[in-house]
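This report refers to the structure that appears directly beneath it.
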Amino acid sequence: MLQSKLFSKTIKNSPEGEESKNAQFLIKGGFINKSSAGVYSMLPLGLKVLNKINKIIREEMNVIGEEMLMPSLIHRKYWEQSKRWDVDIIYKTGTRDNGQGTRDFEYGLGWTHEEVITAIARHYIQSYKDLPKAVYQIQTKFRAEARAQAGLLRGREFMMKDLYSFHMDRADLEKYYGKVIDSYNKIFKRLSLKVLVAEAGGGPFTKEYTHEFQVLNSAGEDMVYYCDKCDFCQNQEIFNSSNHKDCNGEIRNAKAIEVGNVFKLGTRYSDAYGLVYTDKDGIKRPVIMGSYGIGPTRVMGAIVEVFNDEKGIIWPEAVSPFNVHLLALSDSGKVKSEADKIYKMLVGQIGDSEVLCDERTVSTGEKFNDADLLGIPLRVVVSEKTVAAKKIEIKKRAEKMPKLITSAQLKKIIN
RNA sequence: CGGAGUGUCAUAUAAUGGUAGUAUAUGUGCUUUGGGAGCACACAGCCUGGGUUCGAUUCCCAGCACUCCGACCA
């Protein structure tokens, strides 16, 4: 990909008022565009990152569930049945004139999908032979947050991966719940995020404790209490130091970004929707459910909050919009022809979608600064100097000092 | 939802009760090319409604939007 062809370009001025690093860098770099508070467009660069995050999530989710897609426009009857129509968080919409006057608010925009999936499940789950089942989707969610804030960390429209599971009994739910936790840990590891698994209260709809996946970071809105020796970790809501036993470690507390959560729903929704199965003895029993979320757009914001310096973003390789950023420090002569050669070689190795080539006719400083802002993990420079030395300069975004190598060595490194 | 603040070119900002200035970006031309290069010219703006006033971008009121703090966050 040639940088001059990118739809977006970097902006030199910092966006007014945005304090969070993820909002600043992502907007300046041309990854996202703010449409209104908490509502963002994913520009081509940002979408590439989001797609890579989602790809990792899908690969891990497909091991324990099947992907599907539910509607965003959800009729009020679904929410009324579970008594969740009168909540502040729901965007109500849909005015219709049926010829006998208008009717307002026929729909709620989906902010979570327990209702829809439970209603669907009635069609396919009737017997113990149909259990267990698990489906997930990656979809835009809408929440009327009183206060959107911190860029991608709290939006009114955002991407969510939501997984729902159905079980015969508690034991099977527990087993699956553990599998989801393992799966989530793998996902966050692949995303280079260190997470703490925090116990949390279940809220009004489940009596049990649930778990949150928390990334320690000062930009977070949550406070977690964790032990420096064992894996004890609780959120502020339920923390009590006497919960921490059998360990002489010290309790610390820190701000954290919640990037995922897991809930044992029990029969709250199966009761509301009459989702029952017939067991071996012919007895009808309610299906036991769980739900599990990860916010890919929030994950993207969290990654920027964790991986940055004063110059810009430092993308982990797994989610970087490109693997290599090739800078041609001149747009003519030997430098250009050498850069073209290297570009072709790189494209041949990892494909056009993984190489960003800065062949713009702009100053050297601008190219370096843009490269730092965009944060692609490996920078490759072709210039008068490198051509004269018959070498190529490479530098990792996370490191300070560049290295001179041959193009054969570069080829090896890329492989 | 409570508190505070801010609304001026595409972006970031300044000043002003009477002609709105600068920087970035953009366009043209020339000179430049290892850390946001220079000169010249050009293009481009006062959130909406009401009030006060001879006259309002400026003062007052309301609305809307945005930001920050707090509450909320199945």
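The values are calculated or read from the model by the stated rules, or taken from the named source; none is laboratory data. The shown structure was predicted, so the numbers you read here are calculated from the model rather than taken from an experiment. Here the Cβ is made from the backbone with ideal geometry for all residues, glycine too, and neighbour counts use every protein chain on show.
Answer yes or no: is there a residue in the range A:245-253 that is of a type outside the set (Phe, Trp, Tyr), outside any loop (DSSP other than H, G, I, E, B) and closer than 27 Å to A:Asp169 by Cβ. No: zero hits. In this structure, is A:Tyr226 part of a strand (DSSP E or B) and not basic (Lys, Arg)? In short, yes. Here A:Tyr184 does not qualify as farther than 25 Å from A:Thr297 by Cβ and more than 11 Å from RNA strand B (Cβ to nearest atom). The set of residues in the range A:1-44 being closer than 30 Å to A:Lys344 by Cβ and touching a Ser or Thr at 6+ places or on another chain (Cβ under 7 Å) consists of A:Met1, A:Gly29, A:Gly30, A:Leu43, A:Pro44. Among the numbered conditions (1) touching an Asp or Glu at 6+ places or on another chain (Cβ under 8 Å); (2) crowded, with 22+ Cβ neighbours inside 10 Å, the only one that A:Arg154 does not meet is (2).
Going by what's in this entry, would A:Lys194 be described as touching a helix residue (DSSP H, G or I) at 6+ places or on another chain (Cβ under 8 Å) and either assigned to a loop (DSSP other than H, G, I, E, B) or surrounded by 20 or more Cβ atoms within 10 Å (Cβ to Cβ) (or both)? In short, yes. The residue that is nearest to RNA strand B (Cβ to nearest atom), counting only those in the range A:87-99 that are charged (D, E, K, R) and touching an Asp or Glu at 6+ places or on another chain (Cβ under 9 Å), is A:Lys92. Taking the range A:385-397 as the range and being surrounded by 13 or more Cβ atoms within 10 Å (Cβ to Cβ) and either in contact (Cβ under 8 Å) with a residue 24 or more places away in the chain or not basic (Lys, Arg) (or both) as the test, the residues that pass are A:Thr386, A:Val387, A:Ile392, A:Glu393, A:Ile394, A:Arg397. Every residue in the range A:165-191 that is within 16 Å of A:Arg58 (Cβ to Cβ) and not charged (D, E, K, R), please. Listed by number, the residues that qualify are A:Val180, A:Ser183, A:Tyr184, A:Ile187, A:Phe188, A:Leu191. A single member of A:Leu152, A:Leu131, A:Leu216, A:Leu196 is of a type outside the set (S, T, N, Q) and closer than 14 Å to A:Asn261 by Cα, and it is A:Leu196. Exactly one residue among A:Tyr176, A:Tyr124, A:Tyr164, A:Tyr136 is closer than 30 Å to A:Ala23 by Cα, at pLDDT 95 or above and among the aromatic types (Phe, Trp, Tyr), and that residue is A:Tyr136.
Those strands (runs of 3 or more DSSP E) of the range A:311-415 in which at least 3 residues are under 31 Å from the mean Cα position of the chain (by Cα), away from RNA strand B (no atom under 14 Å from the Cβ) and under 25 Å from A:Leu45 (Cα atoms), considering only elements entirely within it, cover A:355-358.
Within the range A:368-384, being surrounded by 15 or more Cβ atoms within 10 Å (Cβ to Cβ) and farther than 18 Å from A:Trp315 by Cβ holds for A:Val381, A:Val382, A:Ser383.
Number of residues in the range A:353-365 that are surrounded by fewer than 17 Cβ atoms within 10 Å (Cβ to Cβ) and modelled with pLDDT under 95 equals 5.
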